[in-house]
1. Report, by residue number, each residue of region 294-325 that is crowded, with 24+ Cβ neighbours inside 10 Å, of a type in the set (Gly, Ala, Ser) and under 23 Å from Trp256 (Cβ atoms).
2. Just to be sure, is Gly181 out of contact with any Gly (no Cβ under 8 Å at 6 or more places or on another chain), in contact (Cβ under 8 Å) with a residue 12 or more places away in the chain and either crowded, with 20+ Cβ neighbours inside 10 Å or in a strand (DSSP E or B) (or both)?
3. Restricting to region 163-187, count the residues that are within 22 Å of Arg360 (Cα to Cα) and polar (S, T, N, Q).
4. Mind checking which residues of region 13-57 are surrounded by fewer than 20 Cβ atoms within 10 Å (Cβ to Cβ) and hydroxyl-bearing (Ser, Thr, Tyr)?
5. Of the residues that make up region 37-54, is at least one among the polar types (S, T, N, Q) and over 30 Å from Arg215 (Cβ atoms)?
6. As an exercise: evaluate Asp101 against (1) crowded, with 18+ Cβ neighbours inside 10 Å; (2) modelled with pLDDT under 95 and give the number of the one condition it does not meet.
7. How many residues, within region 403-419, are under 14 Å from Met89 (Cα atoms) and either of a type in the set (Phe, Trp, Tyr) or over 13 Å from the mean Cα position of the chain (by Cα) (or both)?
8. Against the condition in contact (Cβ under 8 Å) with a residue 40 or more places away in the chain and under 17 Å from His327 (Cβ atoms), how does Asn409 come out, does it pass?
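The values are calculated or read from the model by the stated rules, or taken from the named source; none is laboratory data. Quick caveat, the model's predicted, so the values are computed rather than measured. Cβ placement follows ideal geometry from the backbone for every residue including glycine, while neighbour counts extend to all protein chains displayed.
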Amino acid sequence: MSTLQVKEIQGIVLHGYGSLNHAGFLLLQVQNAALVKVWLGTLPLRTSEQRPEAADLCINIAFTAAGLKKLGLAEDQLGMFAGEFTEGMTGTEHRRRILGDHGESSPEQWRWGGPGNDGVDVLLLCYAGDEEALNRVVERTVGDYESRGLRLIERLGTVKLPDRKEHFGFRDGISQPAIMGFDEEGTPGNMVAAGEFVLGYPNAYGQYTDRPLVRPEQDPLHLLPVAPEAASHHDLGMNGSYLVFRQLSQDVHEFWNYLAQQAPGKFAGDTTQACIALASKMVGRWPSGAPLVNSPQADNPALADDNDFMFVRSGDADGLKCPIGSHVRRSNPRDALDPEPGSDRSIEVGKRHRIIRRGRAYGPPAAASMQPGEIIGKPADNQERGLHFFCFNTHIGRQFEFIQYTWVNSPKFDGLYEDDDPLIGDRGATEQTRGGVFTVQQEPVRKRVTGMPRFVTVRGGGYFFMPGISAVRYLASLK
């Protein structure tokens with residue numbers, strides 16, 4: 001087991017900053033690389049050494065491939081970054097198909113990060129306990145953008161929803177992996193190798209994920225650590241991670257009003273109760289967060305943070321408690337994967353596709369109470385709301401993109417035929433990939449809902465590299 005160098009890892013990677021209710025994400029463009037490098041040398045970046053308190057101000061930074069190139073990183077060094085990162089989220093038609101970015105989610109429709117938008121070079125993440133403190137930290141850190149050599153493309157705000165809920169009304173952020181060498185607590189089935197999330201450490205295969213290394217003469221100030229498996233090189237990637245950022249707009253009114261058309265008659269209770277029952281089947285958890293595997297018949301707030309369960313080992317191989325196509329089974333199948341569902345081998349396969357999520361909601365809730373009964377039957381209010389989805393991984397293709405393509409958007413997931421993720425699925429770009437169906441397995445006859453519209457639309461996105469602290473100093477030193 002490799003103990004993580006927490007003083008070298010930027011804080012948001014290992015800590016969710018849950019005690020800091022306010023955040024702002026600054027999309028920046030490099031205008032003067034020399035001034036930007038001076039600025040980088042003075043940034044008070046928060047590390048993962050200590051979990052932040054409510055009064056803390058936390059700053060972290062990440063770069064696109066274009067941003068690293070503008071700072072003067074050599075071509076041979078850029079060439080050692082992951083191909084997905086250097087190509088970018090919109091770089092190829094193949095990647096758009098993998099991610100489901102078509103129709104209204106096409107990059108040509110994006111507000112930022114798309115081919116028609118100003119190029120993003122730097123992402124600055126700022127966190128604070130209140131709005132006034134957040135504005136202070138932004139002003140103190142960036143101030144006059146021009147004097148830092150930067151141009152502000154957009155500042156993205158966030159909102160803290162009650163009870164850790166997301167806009168559809170379900171408790172979020174429950175299922176996170178425990179990290180070997182960092183987390184002291186965690187079940188064996190949820191304990192994942194550190195190298196799946198932080199570069200420079202063994203991954204789930206017991207190997208080091210490829211990352212940028214530099215020759216000693218390219219690091220004359222000896223700012224970078226020596227690569228653990230290649231002592232002749234200095235390690236630019238070590239203690240860094242790839243950050244996937246997707247701005248996801250959620251159509252909350254469409255979601256609940258669609259359920260109001262489908263749920264009555266299929267599920268017990270009045271319209272609201274039936275809608276909640278169907279929505280919980282789609283999510284795989286009740287609004288409180290209680291998993292259907294451990295509470296299949298009714299919500300149980302006592303299980304709000306319950307994440308200690310499997311699917312096959314819990315006796316739900318056939319999805320009679322938690323439907324096979326539900327969001328939680330797709331995003332983390334746990335022990336339900338081939339070739340041996342229910343086995344340790346199945347669990348180990350799943351660990352090769354885990355991510356750390358660090359998202360924040362944005363926009364006002366559709367109802368202050370966040371109760372479906374106050375949303376159902378109401379027209380859309382034309383307010384933008386959604387999720388700034390962040391995740392960290394060290395192999396974008398094997399982790400984030402695999403989850404998105406093979407599990408979330410696939411209508412053939414785990415023996416299904418035309419079901420994509422009911423919550424965030426892309427509904428397919430062609431007749432052959434069309435989803436929009438959700439199947440509720442039950443005896444003696446299953447239930448199905450069809451014709452689901454897309455509830456989540458992509459408004460922007462990009463692949464970023466979040467360097468380790470020493471790597472930031474190295475970038476600041478480039479001539």
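1. Gly325
2. No; evaluated as a whole, the condition is false for this residue.
3. Applying the first criterion (within 22 Å of Arg360 (Cα to Cα)) to region 163-187 yields 163-179.
Those left that are additionally polar (S, T, N, Q): 175-176.
Total meeting the criteria: 2.
4. Scanning region 13-57 gives Ser19, Thr42.
5. yes
6. (2)
7. Number of matching residues: 1.
8. Spelling it out, Asn409 is indeed in contact (Cβ under 8 Å) with a residue 40 or more places away in the chain and under 17 Å from His327 (Cβ atoms).
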